[in-house]
Amino acid sequence: MVGEIFMNEIKLVPSSQLKLGDHFVCEAGDIIPMDGEIIEGIATIDESAITGESAPVIREAGGDKSSVTGGTKVLSDRIVVNVTTAPGESFLDKMIALVEGASRQKTPNEIALTILLAAFTLIFIIVCVTLKPFADYANTPITIAAFISLFVCLIPTTIGGLLSAIGIAGMDRALRANVIAKSGKAVETAGDIDVLLLDKTGTITIGNRKATNFYPAQGVNETSFIEYVAISSLSDETPEGKSIIELAQQKGSRKSRTRNDLH
């Protein structure tokens with residue numbers, strides 16, 4: 001449910017009823033239901049569901065950062081948004097369509113298994129066909145139903161079924177380690193991995209980036225290096241910048257206190 005504006009009056013309506021040109025209100029804690037442009041207010045928005053970036057962004061009316069995306073979350077304040085997309089044409093809808101329309105590439109093991117099953121099937125067809133003349137020569141008639149039953153029993157369908165079971169078991173094992181495997185190829189590749197390096201976007205990490213130490217280059221004075229790093233991070237409001245200032249304070253940097261002096 002979202003707050004939609006009717007003749008300067010706010011009413012609660014299902015988000016599915018929003019259409020192009022409607023206005024709706026979102027406050028702190030609300031999920032933005034549709035793509036649109038902010039026409040009133042300013043707010044910090046968590047766009048990690050779309051961009052993967054854990055740090056919130058500021059969106060406000062009247063600027064070049066007034067657009068919002070459906071599925072993101074308002075963290076503070078209140079905004080009035082004008083719907084700019086028709087139902088079924090939002091950013092998330094387009095992304096879902098791309099994922100559904102994408103063809104999954106088979107893994108090397110799946111390709112090898114497909115070739116093996118095709119070869120087995122051809123061999124079993126030859127075996128069943130050649131049984132007929134041998135049975136006639138030995139005066140041992142075999143009915144058509146018996147031939148069909150034999151062929152069905154020989155078809156190696158269970159081998160193909162095992163691959164899916166193995167893939168599901170591998171994904172479940174990865175999930176226990178807090179890793180989501182989205183394809184069989186990822187599961188197979190995980191078997192050869194010794195070290196996993198994660199990015200900073202928060203998609204597969206916690207997202208709490210924090211500076212832990214300073215490593216000056218050879219010949220660079222460590223105290224001067226910390227001072228320069230602290231100065232360059234004074235205006236950086238990201239988690240990285242704040243953690244650098246905190247670490248510099250712990251190291252006894254005088255420049256790191258400048259930020260507090262500015263407030």
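The values are calculated or read from the model by the stated rules, or taken from the named source; none is laboratory data. Note that this is a predicted model, so its numbers are computed, not measured. When we count neighbours, we look across all protein chains shown, and the Cβ atoms used for this are built from the backbone with ideal geometry, even at glycine. Each accessible area value is taken on the protein alone, full model and side chains, heavy atoms only, with ligands, DNA and RNA left out. Shrake-Rupley method; radii C 1.70, N 1.55, O 1.52, S 1.80 Å.
List pairs: first in the stretch 241-253 and within 14 Å of residue 224 (Cα to Cα) and open to solvent by less than 90 Å² (accessible area, probe 1.4 Å), second hydrophobic (A, V, I, L, M, F, W, C) and assigned to a helix (DSSP H, G or I), Cβ under 6 Å, 6+ apart or cross-chain?
Here the result reads 248/226; 248/230; 253/226; 253/230, each pair linking the stretch 241-253 to a residue that is hydrophobic (A, V, I, L, M, F, W, C) and assigned to a helix (DSSP H, G or I).
Considering every residue within the stretch 34-44, establish whether at least one is free of Cβ contacts under 8 Å to residues at least 60 places away in the same chain, of a type in the set (A, V, I, L, M, F, W, C), in a loop (DSSP other than H, G, I, E, B) and more than 24 Å from residue 236 (Cβ to Cβ).
yes
Run down 37, 27, 100, 47 and say which single residue is at pLDDT below 80 and of a type in the set (Asp, Glu).
Just one listed residue meets the conditions, 100.
Tell me the residue from 149, 233, 183 that is at pLDDT 80 or above, open to solvent by less than 90 Å² (accessible area, probe 1.4 Å), within 28 Å of residue 53 (Cα to Cα) and among the polar types (S, T, N, Q), please.
Sole residue among the options that is at pLDDT 80 or above, open to solvent by less than 90 Å² (accessible area, probe 1.4 Å), within 28 Å of residue 53 (Cα to Cα) and among the polar types (S, T, N, Q): 233.
Which condition from (1) open to solvent by 60 Å² or more (accessible area, probe 1.4 Å); (2) among the basic types (Lys, Arg); (3) modelled with pLDDT of 85 or more is the one that residue 59 breaks?
The number of the failed condition is (1).
Taking the stated definitions as given, is residue 32 modelled with pLDDT under 90, open to solvent by 20 Å² or more (accessible area, probe 1.4 Å) and of a type outside the set (Gly, Ala, Ser)?
When the stated conditions are applied, residue 32 does not pass them.
May I ask you to list the residues in the stretch 62-92 that are among the charged types (D, E, K, R) and surrounded by 15 or more Cβ atoms within 10 Å (Cβ to Cβ)?
73, 77, 78
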